[in-house]
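Data first, discussion second: the structure below is written as structure tokens.
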Amino acid sequence: MKESKRASCVAVVLAGGRGKRMGTTVAKQYLLIEDKPVLYYSLKAFEDSDLFSQVIL
């Protein structure tokens, strides 16, 4: 029986920019939802997933 090799997948989160069109003084990725920045939720979702071996910000 052959051993299956699981491919290594990396998640790359692009979180740059200023969000000028939104018209806030804080960049969108740092706006708070329930006392945590929006960026936290994206990173946590990738980190908790079994699909990715690495998360790059």
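Structural remarks
- With contacts taken as Cα pairs under 8 Å at a separation of at least 6 residues, the chain carries a relative contact order of 46 percent.
- Here each label is just a point 7 Å from Cα along the line to Cβ, and for Val13 and Asp35 those points are 1.9 nm apart.
- Given the choices (1) -0.33; (2) -0.51; (3) -0.42, log10 I(q)/I(0) by the Debye sum over Cα atoms at q = 0.14 Å⁻¹ derived from the coordinates of this structure is entry (2).
- Residues Lys44, Lys20, sorted so that the one with the fewest Cβ neighbours within 10 Å comes first: Lys20, Lys44
- Rounded to whole Hz, the Karplus (6.51, -1.76, 1.60) HN-Hα couplings of the stretch 43-57, x for glycine and proline: 5, 5, 4, 5, 5, 6, 6, 7, 7, 10, 8, 7, 10, 10, 10
Read the figures in this text as sums done on the coordinates, not as results from a lab. Since we're looking at a predicted model, the values are computed, not measured. In this analysis, Cβ positions are derived from the backbone assuming ideal geometry, glycine residues included, and neighbour counts consider all displayed protein chains.
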